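The values are calculated or read from the model by the stated rules, or taken from the named source; none is laboratory data. As the structure is a computational prediction, the values presented were derived from the model and not from experiment. Glycine also receives a Cβ, built like all others from the backbone with ideal geometry; neighbour counts cover every protein chain displayed.
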Amino acid sequence: MAPDAGSGLAVEIRDLDVTFSIDGGDVHAVRDVSLDVRPGEVLAIVGESGSGKTVTARSILGLLPETATTRGAVILDGTEVVGLSGERLREIRGTKAAMIFQEPSTALNPVFTVGWQLAEGLRAHGAYSKKQARAKAIEMLERVGIPEPARRVDDYPHQFSGGQKQRIVIAMALALGPSVLLADEPTTALDVTVQAEILHLLRRLRDETGTAIVLITHNMGVVADLADRVAVMLNGEVVETAPVVELFAAPQHEYTKRLLAAVPRVQLVDRPLPASADATATPVVEAKGLVIEYPGRLGSPTFRAVQGIDLSIRPGEVLGLVGESGSGKTTIGRAIAGLTPVAGGSLRVLDTEMNGVRERQFRRRRKDLGFVFQDPATSFNPLLTIAQCVAEPLIVHGGARSAADARDKVDELLEAVQLPKAYGDRFPHELSGGQRQRASLARALALDPKLLVADEPTSALDVSVQARVLDLFAELQDRFGFATLFITHDLAVVDMLAHRVIVLHQGRIAEEGPTAEVLGNPHDDYTRRLIASLPVPDPTLQAERREAWRAEQAQRG
């Protein structure tokens, strides 16, 4: 029986079934899913990678590829979506529903101004002249909190921070007044303070406009903060649906219980330093008065990203480096890896002075340094198998003549990171996000490094996958004893892994010390703001924290 188009629901999905045809056979991605979203309601869809949550959400806008076969009914604001022509789908995209994509850097075109991109959507639907579209673009930028919108409307995407780009993508989605917003991991790559601002913005826009929001996320703190109801998906099926408070307080399905149990929480567990990290050991990394600058272009002044900091990492120690975008944490990681030049002060890495170092001098030390990137999908060569990717450092540094010659070592590494050795014959796109991140860790450990630089290695992973990767990371770190610089914006992850933590703010150290001490009893106002901005996976407690955060923001002006 078809759903009632006059039911008053913003979205109604009934018996949705989606199958993808690929070379290896059909993949049944979504199985008999039924969901509904009321106007002004936030429905969070959660689950692991491959659970079908993104496919379900994209079916609302008809954004599935031609290889997809869709059965069932999807009613969007009174319009049946399944089976609509391309022209009719274009008419409803932006007007009835719009999507906020996970990565704004790829959603925005780098060669056009943000004003042009906002106006493009408005003019495509024929409702605005060029002058009216520009005025509307400025209005939308102001609405989502972009400062000086009349001036910044002519800026390009690279001139905005990550949080501002996410605001611009939200402005583009809201420009035509859709009744439904589909938010696909809208805060994944954002710092906790920026994330808090984006969540506040979405909540305010929902309250002002009555827009329904379908939220796809793996962050259960975000779910607790924003959602009214939660649908939990597993293997293409909805296994549980409940109001958010009820779901967190009394989950019914075993998978939901496992999902909530996997959420990292700040528990203030004091991790003792390993014996190899005693005060007399020579630091693997030591910085004194470190300055890192980026030269200005086209007459703009030099930008000082890191302003005279001191830090050290001893053998076997995990140092957590936290702070907002632009605080300098990734810049420091890149300088330690020899990827960004040092402008002033001293930085010694593996007994090599990096200030003025030549690549030829540092090359012999690279075998002692591993790097785990934030997104392994872009750091792996898509034309090489996983085994060939993992073997690459061995071949480059003379540990093996070819990938075939290194296969025994590669199989050993894959098994160490809990991947079957048969996965070595797969290509990167054939692995899930968590599996790719494990393979990335195996590649970083291929040469038994003394130092590992991990830059946001778990931010894009589902909570259950993240928990397994973090447990694995801790186990490998204890087993191999390598020193680690762990760069992240997730304070719960720092609490789980780091012996010490440094909080960076605008290129300077705001606070440092043992992890449990800094997170449990912060002395700096900025550290306190970071901790207050972190959403906790408890809707009742998070509502109290949200009000406290809002009061503090109002007090600060």
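Could you tell me whether the stretch 23-37 includes any residue that is among the small types (Gly, Ala, Ser) and surrounded by fewer than 14 Cβ atoms within 10 Å (Cβ to Cβ)? Looking for residues that are among the small types (Gly, Ala, Ser) and surrounded by fewer than 14 Cβ atoms within 10 Å (Cβ to Cβ), one finds at least one in the stretch 23-37, hence yes. Condition check for Leu89 on (1) touching a residue at least 60 places away in the same chain (Cβ under 8 Å); (2) surrounded by fewer than 18 Cβ atoms within 10 Å (Cβ to Cβ): one failure, at (1).
Residues that are under 21 Å from the mean Cα position of the chain (by Cα) and surrounded by fewer than 18 Cβ atoms within 10 Å (Cβ to Cβ) within the stretch 363-380 comprise Ala377, Thr378, Ser379, listed in sequence order.
Candidates Glu547, Glu511, Glu552: the one that is of a type in the set (Asp, Glu) and under 19 Å from Ser325 (Cβ atoms) is Glu511. Filtered by the rule that a residue be over 20 Å from the mean Cα position of the chain (by Cα) and buried (at least 19 other Cβ atoms within 10 Å of the Cβ), the stretch 153-170 gives a lone residue, Val153. Checked against (1) among the small types (Gly, Ala, Ser); (2) more than 29 Å from Pro186 (Cα to Cα); (3) outside any loop (DSSP other than H, G, I, E, B), Ala446 meets all criteria but (3).
Matching residues to (1) out of contact with any strand residue (DSSP E or B) (no Cβ under 8 Å at 6 or more places or on another chain); (2) crowded, with 20+ Cβ neighbours inside 10 Å; (3) within 30 Å of Val230 (Cα to Cα):
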position	(1), (2), (3)
Thr488	no, yes, yes
Val503	no, yes, no
Arg508	no, no, no
Gly513	no, no, no
Ala516	yes, no, no
His523	no, no, no
Tyr526	no, no, no
Ser533	yes, yes, yes
Thr540	yes, no, yes
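Residue under question is Ala377, and the condition is that it be in the same structural domain as Lys450 (by TED's automatic domain parsing), within 21 Å of Leu470 (Cβ to Cβ), part of a helix (DSSP H, G or I) and not β-branched (Val, Ile, Thr); does it hold? So Ala377 passes the test. Filtering the stretch 441-459 to residues that are free of Cβ contacts under 8 Å to residues at least 40 places away in the same chain and hydroxyl-bearing (Ser, Thr, Tyr) leaves only Thr458.
Of Ala183, Ala224, Ala173, Ala189, all but one fail to be within 26 Å of Thr54 (Cα to Cα), of a type in the set (Gly, Ala, Ser), outside any helix (DSSP H, G or I) and at pLDDT 85 or above; the exception is Ala183.
Return the total of residues in the stretch 235-265 being under 30 Å from Asp495 (Cα atoms), in contact (Cβ under 8 Å) with a residue 24 or more places away in the chain and not in a helix (DSSP H, G or I). Residues that pass the stated criteria total 4. Among the strands (runs of 3 or more DSSP E) confined to the stretch 285-373, the ones with at least 3 residues that are within 30 Å of Arg436 (Cα to Cα) are located at 318-322, 369-372. Restricting the search to the stretch 52-103, which residues are small (Gly, Ala, Ser) and in contact with a Lys or Arg (Cβ under 7 Å, 6 or more places away or on another chain)? Of everything in the stretch 52-103, those that are small (Gly, Ala, Ser) and in contact with a Lys or Arg (Cβ under 7 Å, 6 or more places away or on another chain) turn out to be Gly72, Ala73.
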